[in-house]
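Chemist: Supplied in structure tokens, the structure appears directly below.
Nothing in this text is a laboratory measurement; each read-out follows from the coordinates by a stated rule. Bear in mind the structure is a predicted one, so any value in this text is a computation, not a measurement. No Cβ is skipped: glycine too gets one built from the backbone with ideal geometry, and neighbour counts run over all protein chains shown.
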Amino acid sequence: MRRKIILAALSVAVAALVGPAAAQQPIVIKFSHVVAPDTPKGKGALKFQELAEKYTGGKVKVEVYPNSQLYKDKEEVEALQLGAVQMLAPSLAKFGPLGVKEFEVFDLPFILPDKAALGRVTKGKVGKDLLAKLEPKGIKGLAYWDNGFKIMTGNRPMHKVADFQGMKMRIQSSKVLEAEMRALGAIPQVLAFSEVYQAMQTGVVDGNENTPSNCYTQKMHEVQKHATISNHGYIGYAVIVNKKFWDGLPSDIRQQLEKAMDEATDYSNGIAQKENDEAIEAMKKAGTTTFYELTPAEKAEWMKALQPVTDEMSSRVGKNLIAEFEKEAKGSTN
Ligand code: LMR
């Protein structure tokens, strides 16, 4: 796969070299992602494509590749760094394995009380500082895109913490998510997003945590008997670009693309909640999965079981960062 990425990057570099001869050729932005087109991220990418091409008068062409068509989870960031693709919107959990562990703060269980808190964090100092940490990796962060709070799905009911005992639960590659599943008594299994449905179908995993829109568009309800609406964690994205590519753009083009990105961000963030609500309704209607909502007492039990994860991870993620994050999330100014 690395060879494939390098070859793709080389062909982009060659195209740049012959660029002056073909001055009329549009600048191509390959935007790769792992989810379905019919998700908040998928729709956001298409909105950016539409606006970027419109505002640049066709000087930029955006090619969107959904559903891990080009690269799976781990490979896509490497492909961006090598210049084989120019734009991605990986989930925030994907930056820990890249060495920017601070992003794992978003994965801590129950760290975000609601969407308003999310907005305060991503638009505030913590959000900006985190994006800046990507620059030494050759990556520029342009925006945060929302998805939503996670549900648990499985082949058995998950009401109490004890219900997770021994369940094999798919997670994204993240030390925090690993600790979270272990704290519940489950066995975490790291798998690429594109492999989850089949792993559920064949019993390689018993369940997973994900947003309703991701579960629905991957048809997980076809192969999962139970789901718990737990809102125990969050999935969102950072839209990122290859920094060298971005900084090398003519400044008028870059400004038009920034405008397109601002508007695509508002659009994607504006539809995320509705997309997830509708996904839950659609899965309920399919009738193949029993949905359960935690009672306040059950939620309290989950929170108690998961609190040690934050304590255990604080030296890794950063004690001060967690405190700052929680302060911004609460909206307190002192
Ligand atoms: C996952 O791997 O479960 C998600 O991060 C996929 C995504 O990009 O929403």
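Chemist: For region 31-59, give me each residue that is crowded, with 21+ Cβ neighbours inside 10 Å and closer than 17 Å to Val241 by Cα.
Modeler: Within region 31-59, Phe31, Ser32, His33, Val34, Lys41, Gly42, Gly44, Ala45, Phe48, Ala52 meet the criteria.
Chemist: Tell me which residues, restricted to region 195-232, are under 18 Å from Ala93 (Cβ atoms), out of contact with any helix residue (DSSP H, G or I) (no Cβ under 8 Å at 6 or more places or on another chain) and of a type in the set (S, T, N, Q).
Modeler: The one that is under 18 Å from Ala93 (Cβ atoms), out of contact with any helix residue (DSSP H, G or I) (no Cβ under 8 Å at 6 or more places or on another chain) and of a type in the set (S, T, N, Q): Asn231.
Chemist: Let me ask something else. Filter region 139-175 for residues that are hydrophobic (A, V, I, L, M, F, W, C) and in a loop (DSSP other than H, G, I, E, B) and give the result.
Modeler: Passing the criteria: Met158, Met167.
Chemist: Could you tell me whether any residue of region 167-175 is within 16 Å of the ligand (Cβ to nearest atom), touching a His at 6+ places or on another chain (Cβ under 6 Å) and either charged (D, E, K, R) or in contact (Cβ under 8 Å) with a residue 12 or more places away in the chain (or both)?
Modeler: Checked region 167-175: no residue is within 16 Å of the ligand (Cβ to nearest atom), touching a His at 6+ places or on another chain (Cβ under 6 Å) and either charged (D, E, K, R) or in contact (Cβ under 8 Å) with a residue 12 or more places away in the chain (or both).
Chemist: Looking at region 295-315 only, could you name the residues that are in contact with a helix residue (DSSP H, G or I) (Cβ under 7 Å, 6 or more places away or on another chain) and not polar (S, T, N, Q)?
Modeler: Answer for region 295-315, where residues must be in contact with a helix residue (DSSP H, G or I) (Cβ under 7 Å, 6 or more places away or on another chain) and not polar (S, T, N, Q): Glu301, Trp302, Ala305, Leu306, Pro308, Val309, Glu312, Met313.
Chemist: Something else about it: Can you tell me which residue among Lys299, Lys274, Lys259 is of a type outside the set (Asp, Glu), touching a residue at least 24 places away in the same chain (Cβ under 8 Å), closer than 24 Å to Lys47 by Cα and away from the ligand (no atom under 16 Å from the Cβ)?
Modeler: Answer to the selection: Lys259.
Chemist: Suppose we filter Val85, Val121 for residues that are buried (at least 23 other Cβ atoms within 10 Å of the Cβ), under 30 Å from Lys61 (Cα atoms) and more than 15 Å from the chain's Cα centre (by Cα); which single one remains?
Modeler: After applying the criteria, what remains is Val85.
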